[in-house]
Amino acid sequence: MKILTQNPLALSGFIIIVAVLFIAIFAPWLSPYDPNYIDIHSILLPPSVSHFMGTDGLGRDVFSRMLYGSRISLLVGIVAVGIATVIGTFLGAIAGFYRGYIDSIIMRFVDTMLSIPTFFLILAVIAFLTPSIWNIMIVIGLTSWMGVTRLVRAEFLSLRNREYILAAEAMGASDFRLISKHLLPNSLTPIIVTSVLGIASAVLTESGLSFLGLGVQAPQSSWGNILTDGKEYIQFAWWLSLFPGLAILITVLGYNLLGEGLRDLLDPKNKNQKK
Amino acid sequence: MYFKYIFLFFVLLNLTSCSDKKEVAYNYDGTFNSEKGGTLIDAMSGEPSNLISMIAGDSASSAISGNIFNKLIKYDKNLELAPEIAEKWTISSDQKTITFYLKKNLKWSDGHDLTSEDVFFTWKLVTDDKTRTPYGSDYKLVDRAEVPDLHTFRVVYKKAYAPALDSWATLQILPKHILKDEDINRTFFSRKPVGSSYYKLAQWVNGEKLTLEASPSSVMGEPNISNLTSRFIPDTSSQFLELIADNIDLMNINPIQFARVIPSKPDLKNKLALYKELGNSYTYLGFNSKHLPFNDIKVRQAINYAIDKQEIIDGVLLGLGEPVASPYKPGTRWSNRTLHPYPYDKNQALKLLREAGFNDTNHDGILEKDGKPFTFEILTNQNKQREMTAVLIQRRLKDVGIDVKIRVIEWASFVNQFIKTGDFDAVILGWSLSLDPDQYNIWHSSQQKPGQFNFIGYNNKEVDQLLEEGRTELNPDKREKIYHAFSKILLRDSPVIYLYAGYGLTAMSKRIKGIESPTPPAGIAYNSYEWFIPSTVRRNEIAQ
C-alpha cells in the first residue's frame, strides 16, 4: 500500500480496479432492477432518475445490466489471465531451466503461436464451439500465454547461473525444488506485471467478441453486448453506446495504470531513481 | 476503407454547408396537378451486375431492369394477375395450354416492332442449357411453345401446373432482333439494354450511379417523372445521412428511424413522408418435428399459446408489423381471413403441457417429463430483430416452465452446420414469399432432404394432398379454397409459430406526389409511373 501511494498513477489504477471489483461483487445489491426484466412499455428511455443510464431496446435497465456486465468482464479477465499465466509460467520455466533442444522446441512453438493473429484464431475457434463465457475464458487463456512464457524463460536464463542456484544444485536439490523454491519466487515480479496488463487485454478481447455476437449469450449482459445493442440505435439512443464504452475504457485504463505502476515500483533498477 | 471516410467527410461537409446557406423553403403542402419532368434520386446498396435479369439474379439488377423491360402479364395493385403486353390470355379446358394475345403496335425503344417472336425467343433463351440462369426450371416444364401469328404466343404443358402463370409474370421479354446472334452470357446488351417499358438507360457510371430516362416509344405510355437516378451507396447509415441532406429522395428505413428518429426531428418531419406497407415475408419460430418433444402437437400448440406475439411486435418492431395466421400476406386472396393467431394464454399452455405429460415434479420451476427437464435451444442468425424476439420468447416460455437457451450463429455456418444437417431444436427464421401461393417446397413431406426447404420435417398426408392439388389447379377461385384449407391445417398443427410480418418502411421526400394512399397490397411503388414532382419543388437540376 505504501509503495502505491508513492505513484499516483498506480494508485488511481488501483482505486479503479477496487471500485470495479466492488461493483461486480455487490451487483445484486446495487442494481435497482433485475437486469433481465423486460418492459416493452419503456423501451429506449433516455437516462433519468428512475433509469440512471436509460433503457435498452427491450426496456431493460441499462444501469443494472452494466453492473452485472462488470462481473462478466472481470471474470473473463481474471480467469483467462489465470490460465495464460499458468501455462506461460510452466512452459517458460521448462524452457529456461533445461535450455538446449527443449528450449528450442518450446520457443519455436511460441513463435508459431505469436505469428497467428490471435483475435482471428479466437474467432475461428469460437465459431466451432458453443459460445459461452467459460469457452471464451478458456480460448482467450489458451491463446495469450506466449508473452508470459518468453518473460519467464528470459528471467530463468539469467537466474540459472547465479551462485545461489549453482550452490543449491551442488547440494543435490532436485529440479523441481530448484524451480519452485529458488527460481520461481525470484521471477515473480515480471509475472505479476504482465498478468495485470494481460487482464486489460482480455477484457478488451471479451468486449470485442461480445460485440461481434460471439461472446456471452442472451439474455446475460456484458459490456460488449450492451455496446452491440447500442450500435443499432446510435443515431437516437446515445446512452446505449456511451456508458459501456466508457466502462470498458476506464477499466482497461485502470489495469494498464496499475500494471505500469507496479512495473516501475517493483523494478529494482528504478528504485534508486525514486528516492 | 479510406474512401468510406473521405465519402463520409464529404457528406458531413455537405451537411454543414447546407445549414450555412439559407435553407430553401419549399412548400411541399397544398394541391398539385400532375406534370411531367423532374428527376427522382434513390439509393441502392448494391450495383446491378447485369441488366438482363434472367442472368443477373440480384435484386439491384431486377429493380432496374423492371423499369426497362416488359413482361407478358403482371400483378396489379391487389396482387391479381393483369395484362401487361398481353392484352388477354386464355387457358384450355384441360388446363394444360395457355394462350397469350399480345397488344398491337408494340415497339422496342429503338423503333423495331415487338412481336410474339420476341416472346418465343425469350422462352428459348431461358430454357437453353447454355444460358446461365437459375430461373430456367419453371419454363422447362413447357412441353412446346408456338407462335401461330405475330400477336399470339401459346405454351403447352405436359401436365397442368398452376405456378406457370406466375412464371410468365416474372419473365422479362428481350428483343430478338438484337440478341439472336449474341451469346447471352457475355453480351454488350447487359450494359446497353434496349427495352420496351417506361424507361431506357441514359447513363451508367460504375460505382457511382445509374440514370434512366423516359422512353418516348414506351408501350406503357409516358411516365410522369422523366429521370430516375439510382446512386450506389453500400452503407445504409450513409444512405440515411444523404436522405437527411436531401441528396436522395427515398430509401427503406428501419423501425427506429421510422418511429423515433424522424418524428423527433421537426425539420425531417417537414420534408419527409413516411410510408409503411406489409412486406412479402414473415418471421417464425420453427420446430424440428423429428426432435422430442416437438413431435407432439400439444407441445407445439402449448408453446404457441405461451408466446405473446403482440408483445414481440410492440417491442421488436415498435408496433410496425402485424400478426399472421397463415403463410400468406394478409390482405391477399390466399390469406384465409377466418383464421386468427393463437391468443396469448398462459393457462391454456400449461393445460396442454400437462396433457402432454409435463409436470414440475421437483418444484424447480422447470417442467419435467420422464425425469428429464423441458429445455431446448433456439438458434437464429445474426439479426438484431430475431435476437430480441428470441429473448422475449425465452422470457415467456420461462413463465410456463420451459427453459430456453439462445444461440446466435453467423449465417453461413447456421445454414451449413444446422439447417442442412437438421441438427437443431428450434429456429427463428423468416420466409420471403413469391406471389404465387404454391408452397410445395416448404411444406410437402417429400422436401426434407438436406438442402431442401422442409428442414423442420413437417409431415402431414392431408397437407401433401392439398399442396399437390393446388399446383395443378389453374382456376383462382378453386385454388383459393385449397390454400385456405391448407392454412387451416397448418395453423392447427403449428409446425411453426408465426411471429410477425414486419412492415416495409419507406421515407420519401415530400416533393414526390401522386403516391396512392392507403397503400395497396402491391406496395407504394406499384404506380411509380404516376408519381410526379411539381416544378416548384424540384431540385435545381444542374448537370453534374
Requested in this report: Restricting attention to helices (runs of 4 or more DSSP H) lying wholly within segment B:248-365, give those where 2 or more residues are more than 30 Å from B:Thr39 (Cβ to Cβ).
Outcome: B:297-306, B:309-316, B:346-355
Query - Looking only at segment B:123-162, and only at residues there that are assigned to a loop (DSSP other than H, G, I, E, B) and small (Gly, Ala, Ser), the one that is nearest to B:Asp94 (Cα to Cα) - result: B:Ala160
Report summary line: Counting only strands (runs of 3 or more DSSP E) entirely within segment B:38-98, those with at least 1 residues that are within 15 Å of B:Ser167 (Cα to Cα) are B:73-75, B:81-83, B:86-91
Query raised in the report: For segment B:375-405, which residues satisfy the criterion of being at pLDDT 85 or above, within 11 Å of chain A (Cβ to nearest Cβ) and either part of a loop (DSSP other than H, G, I, E, B) or surrounded by fewer than 19 Cβ atoms within 10 Å (Cβ to Cβ) (or both)?
Result: B:Glu377, B:Arg395, B:Lys398, B:Lys405
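Tally up the residues in segment B:332-359 that are in contact with a strand residue (DSSP E or B) (Cβ under 7 Å, 6 or more places away or on another chain) and either of a type outside the set (Phe, Trp, Tyr) or within 19 Å of B:Lys309 (Cα to Cα) (or both), please. Spell out the reasoning first.
Within segment B:332-359, the subset in contact with a strand residue (DSSP E or B) (Cβ under 7 Å, 6 or more places away or on another chain) is B:341, B:357-359.
Still in the running and either of a type outside the set (Phe, Trp, Tyr) or within 19 Å of B:Lys309 (Cα to Cα) (or both): B:341, B:357, B:359.
The total comes to 3.
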Query raised in the report: Which condition number does B:Pro450 fail, the rest of (1) open to solvent by less than 30 Å² (accessible area, probe 1.4 Å); (2) not in a helix (DSSP H, G or I) being met?
Result: (1)
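Okay, residues lined up against (1) of a type outside the set (Gly, Ala, Ser); (2) modelled with pLDDT of 85 or more; (3) in contact with a Lys or Arg (Cβ under 6 Å, 6 or more places away or on another chain):
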{"residue": "A:Ile40", "(1), (2), (3)": "yes, no, no"}
{"residue": "A:His51", "(1), (2), (3)": "yes, yes, no"}
{"residue": "A:Asp61", "(1), (2), (3)": "yes, yes, no"}
{"residue": "A:Arg65", "(1), (2), (3)": "yes, yes, no"}
{"residue": "A:Leu74", "(1), (2), (3)": "yes, yes, no"}
{"residue": "A:Gly82", "(1), (2), (3)": "no, yes, no"}
{"residue": "A:Thr89", "(1), (2), (3)": "yes, yes, no"}
Query - From the options B:Leu490, B:Leu466, residue that is among the hydrophobic types (A, V, I, L, M, F, W, C), without any contact (Cβ under 8 Å) to a residue 40 or more places away in the chain and assigned to a helix (DSSP H, G or I) - result: B:Leu466
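Tell me, please, whether a residue that is farther than 30 Å from B:Leu81 by Cα, surrounded by fewer than 16 Cβ atoms within 10 Å (Cβ to Cβ), within 14 Å of another protein chain (Cβ to nearest Cβ) and out of contact with any Phe, Trp or Tyr (no Cβ under 6 Å at 6 or more places or on another chain) can be found in segment B:423-443. Let's see the steps before the verdict.
Taking segment B:423-443 first, the residues farther than 30 Å from B:Leu81 by Cα are B:423-428.
Subset that is surrounded by fewer than 16 Cβ atoms within 10 Å (Cβ to Cβ): B:423.
Right, trim to within 14 Å of another protein chain (Cβ to nearest Cβ) and you get B:423.
From what's left, out of contact with any Phe, Trp or Tyr (no Cβ under 6 Å at 6 or more places or on another chain): B:423.
Within segment B:423-443, one or more residues are farther than 30 Å from B:Leu81 by Cα, surrounded by fewer than 16 Cβ atoms within 10 Å (Cβ to Cβ), within 14 Å of another protein chain (Cβ to nearest Cβ) and out of contact with any Phe, Trp or Tyr (no Cβ under 6 Å at 6 or more places or on another chain).
To keep it simple, each residue is scored yes or no on (1) buried (at least 17 other Cβ atoms within 10 Å of the Cβ); (2) more than 14 Å from chain B (Cβ to nearest Cβ); (3) part of a loop (DSSP other than H, G, I, E, B).
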{"site": "A:Ala19", "(1), (2), (3)": "no, yes, no"}
{"site": "A:Pro32", "(1), (2), (3)": "no, yes, yes"}
{"site": "A:Asn36", "(1), (2), (3)": "yes, no, yes"}
{"site": "A:Gly57", "(1), (2), (3)": "yes, no, yes"}
**Report entry** Looking only at segment B:100-114, and only at residues there that are open to solvent by 10 Å² or more (accessible area, probe 1.4 Å) and under 17 Å from B:Ala169 (Cα atoms), the one that is modelled with the highest pLDDT
**Finding:** B:Tyr101
Requested in this report: Any chance you could count how many residues in segment B:212-229 are open to solvent by 20 Å² or more (accessible area, probe 1.4 Å) and among the β-branched types (Val, Ile, Thr)?
Outcome: 1
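Would you point out which residue out of B:Arg186, B:Arg191, B:Arg231 is of a type in the set (Lys, Arg) and either within 24 Å of the chain's Cα centre (by Cα) or farther than 30 Å from B:Asp128 by Cα (or both)?
On the way: B:Arg186 fails: either within 24 Å of the chain's Cα centre (by Cα) or farther than 30 Å from B:Asp128 by Cα (or both); B:Arg191 fails: either within 24 Å of the chain's Cα centre (by Cα) or farther than 30 Å from B:Asp128 by Cα (or both).
Being of a type in the set (Lys, Arg) and either within 24 Å of the chain's Cα centre (by Cα) or farther than 30 Å from B:Asp128 by Cα (or both) holds for just one of B:Arg186, B:Arg191, B:Arg231, which is B:Arg231.
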Query raised in the report: Among the residues of segment B:225-242, how many are among the hydrophobic types (A, V, I, L, M, F, W, C) and within 12 Å of chain A (Cβ to nearest Cβ)?
Result: 2
Requested in this report: Might you let me know whether segment A:128-145 holds any residue that is of a type outside the set (D, E, K, R), within 11 Å of chain B (Cβ to nearest Cβ) and assigned to a helix (DSSP H, G or I)?
Outcome: yes
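Which of the following residues is over 20 Å from the mean Cα position of the chain (by Cα) and touching a residue at least 12 places away in the same chain (Cβ under 8 Å): B:Ile98, B:Ile73? Write out each step before concluding.
Details: B:Ile73 fails: over 20 Å from the mean Cα position of the chain (by Cα).
Just a single option satisfies the conditions, and that option is B:Ile98.
Quick one: would you say B:Tyr483 is within 14 Å of chain A (Cβ to nearest Cβ), farther than 30 Å from A:Asn135 by Cα and within 23 Å of the chain's Cα centre (by Cα)?
Taking the combined requirement at face value, the residue does not satisfy it.
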Requested in this report: Select, from A:Leu151, A:Leu129, A:Leu121, the only residue that is open to solvent by 40 Å² or more (accessible area, probe 1.4 Å), of a type outside the set (S, T, N, Q) and modelled with pLDDT of 90 or more.
Outcome: A:Leu151
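How many residues are basic (Lys, Arg) and more than 16 Å from A:Ile94 (Cα to Cα) if we restrict to segment A:131-182?
1
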Report task. Kindly list the number of the only condition in (1) within 14 Å of chain A (Cβ to nearest Cβ); (2) open to solvent by less than 20 Å² (accessible area, probe 1.4 Å) that fails for B:Phe258. Result -> (2)
Query raised in the report: Which of the residues belonging to segment B:136-176 are at pLDDT below 90, under 20 Å from the mean Cα position of the chain (by Cα) and of a type in the set (A, V, I, L, M)?
Result: B:Ala164, B:Leu165
Report summary line: All-but-one check, A:Pro28 against (1) in a helix (DSSP H, G or I); (2) crowded, with 19+ Cβ neighbours inside 10 Å, failing number (2)
Query - One residue from B:Ala60, B:Ala82 being at pLDDT below 85 and either under 26 Å from the mean Cα position of the chain (by Cα) or open to solvent by less than 20 Å² (accessible area, probe 1.4 Å) (or both) - result: B:Ala60
Query raised in the report: For segment A:39-55, what are the residues that are over 12 Å from A:Leu240 (Cβ atoms) and either within 13 Å of another protein chain (Cβ to nearest Cβ) or of a type in the set (Gly, Ala, Ser) (or both)?
Result: A:Asp39, A:Ile40, A:His41, A:Ser42, A:Ser48, A:Ser50
Query raised in the report: Filtering segment B:302-318 down to residues that are open to solvent by 10 Å² or more (accessible area, probe 1.4 Å) and more than 10 Å from chain A (Cβ to nearest Cβ), which residue is farthest from B:Lys398 (Cα to Cα)?
Result: B:Lys309
Query - Positions within segment A:197-213 being open to solvent by 10 Å² or more (accessible area, probe 1.4 Å) and farther than 17 Å from A:Pro131 by Cβ, in sequence order - result: A:Leu197, A:Gly198, A:Ile199, A:Ser201, A:Leu204
**Report entry** Subset of segment B:406-434 [touching a residue at least 24 places away in the same chain (Cβ under 8 Å) and in a helix (DSSP H, G or I)]
**Finding:** B:Trp411, B:Phe414, B:Phe418, B:Ile419
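Assess whether B:Ala485 counts as being over 26 Å from B:Lys74 (Cα atoms), at pLDDT below 90 and hydrophobic (A, V, I, L, M, F, W, C). It would help to see each step written out before you state the result.
Values: over 26 Å from B:Lys74 (Cα atoms): yes; at pLDDT below 90: no; hydrophobic (A, V, I, L, M, F, W, C): yes.
Here the answer is no, as B:Ala485 does not meet what is asked.
The values are calculated or read from the model by the stated rules, or taken from the named source; none is laboratory data. Note that this is a predicted model, so its numbers are computed, not measured. Virtual Cβ from ideal backbone geometry, glycine too; neighbours counted across all protein chains shown. Side chains are part of the model used for accessible areas, which takes the heavy atoms of the whole protein and leaves out ligands, DNA and RNA. Shrake-Rupley method; radii C 1.70, N 1.55, O 1.52, S 1.80 Å.
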